[in-house]
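Step one of this worksheet: look at the structure below.
Please treat every number below as a calculation from the coordinates, not as lab data. Note that the structure is a prediction, hence the values are computed from the model and not measured. Neighbour counts run over all protein chains shown; Cβ positions are idealised from the backbone, glycine included.
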Amino acid sequence: MTLMKTLVAGFIAAFLALAPLTALAEEDKANVVASFSILGDMVENVVGDHASVTNIVGPDADAHVYNPSVADARAVADADVVFVNGLGFETWSDTLISESGTDADVFVATDGIKPLKVDGEIDPHAWNSLKNGKTYVRNIAAAMSKAMPEHADAFNANAEAYIAKLEALDAKTHEQLDRLPAERRTVVTAHDAFGYLADAYGLTFLAPVGIDTEAEPSAKELAALIEQLKGEGVAALFVENITSPALVKQISDETGIEIGGRLYSDALSERGGPATSYQAMFEHNLGALMSALGESAGS
């Protein structure tokens, strides 16, 4: 990771030296940069028409293994406000921000959220609980109100309206998932991204890869997981939009457990897909879980 950061830093510094920074396109409209697409959608819901939002890691892209580009460095350099997830999610963000030379205010969207741990490591995927999602939104509104106090009333009103929608979706999620019997609450995904969803809604997620998609399971670890799944009666397997389906397909082939569909974990879908917003992502994942688990349970 140190070598990657060194290369990124040199790459960014060399190209920034060749081109001057551009001014804001509109004096009264802030440039806001979000580190990845899910966070960017939350920011857009809060800022409304008062800011232009750019995402570093876009839809269907994996932030764990992302390498920032010159365009990313320019976006950060020109930004008035930068939002990152924190909790170790963006291993590249500190280098990108420092080497861009930006004067932007940088805010961590997960402030105040109690992190979960996976195998002793902090799990950064906090947005997979809607309760945490509301904290993200409040943090965004507070940060934008600090950066643009003249629009604080609008940011807070947008945030409260958005939070009301998330609360309704949270109630719906509980109502549906609470109906599942205990033996239909364990599923397998490609990497460990759903700990907060599991904790919030009483599910169990197993994965051959930990919280970082850069890691790969050893043959011994994968064999042990497959043996565990054969004995535990797992309800369904799911592929993810940001990871190769190969591991999940191998598990399916060796255990006979059917693949229940695709879950969106770390990124939204491209335009035209089923998860183009944070709310749509959660709705899609809930539907996929209920379809696979409920159908398997005979409901």
Notebook entry, point to check: What do you get when you divide the Cα radius of gyration of region 125-229 by 2.2 N^0.38 Å, with N the number of residues?
Noted result: 1.44
Notebook entry, point to check: Hey, what angle do you get for helix 130-147 against the long axis of the chain, alpha-carbon based, 0 to 90 degrees rounded to 10?
Noted result: 0 degrees
Item checked: Per-pair calculated FRET efficiency, R0 = 22 Å: GLU167 and ILE122 via Cβ, rounded to 0.05 -> 0.25
Next item on the list: Any lysines with Cα under 27 Å of the LYS131 Cα? List them, leaving off those in the same chain fewer than 8 positions away.
Entry: LYS114, LYS117, LYS146, LYS165, LYS172
Item checked: Semi-axis lengths (Å, descending) of the ellipsoid that matches the C-alpha gyration tensor of the chain -> 35, 24, 14
Next item on the list: Please sort 76-83, 228-235 by packing, taking for each peptide the average over its residues of neighbouring beta carbons within 10 angstrom, highest first.
Entry: 76-83, 228-235
Next item on the list: Just order 198-204, 43-49 by mean Cβ neighbour count inside 10 Å, highest at the front, would you?
Entry: 43-49, 198-204
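Using only DSSP helix segments of four residues or longer, with each worth -39500 (n - 2.57), what per-residue ellipticity at 222 nm results for the chain after dividing by its residue count and rounding to 500? Walk me through the intermediate numbers first.
Details: 10 runs with 137 residues, N = 299.
That comes out to -14500 deg cm²/dmol.
For GLY195, what charge total do you get from the other residues with a beta carbon under 11 Å from its beta carbon, if Lys and Arg give +1 and Asp and Glu give -1?
My count for the surroundings of GLY195 gives -4.
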Note to self: Would any residue of region 261-283 have its amide N under 16 Å from a label point 7 Å out along Cα→Cβ of ALA71? List them or say none.
What the structure shows: 270-271
Check: Quick one: what does P(r) look like for region 95-172 with 10 Å bins over all Cα pairs, in whole %?
Finding: 17, 36, 33, 12, 1
Item checked: DSSP bridge pairs, the chain: antiparallel proportion in percent, nearest 5 -> 10 percent
Check: So, in Å, what gap is there between the alpha-carbon centers of region 68-140 and region 232-247?
Finding: 27 Å
Next item on the list: Subtract the Cα-Cα distance of ARG271 and ALA223 from 0.36 nm times their separation in residues, and report this length gain in nm to one decimal.
Entry: 13.5 nm
Item checked: Overall Cα dimensions of region 162-299 - principal axes, largest extent first, Å -> 46, 32, 25
Next item on the list: Work out how much length LYS114 to ALA280 would gain on full extension: take 0.36 nm times their residue separation and subtract the Cα-Cα distance, in nm to one decimal.
Entry: 57.3 nm
Check: So what's the angle, to the nearest 10 degrees on a 0 to 90 scale, between helix 152-177 and the longest Cα principal axis of the chain?
Finding: 10 degrees
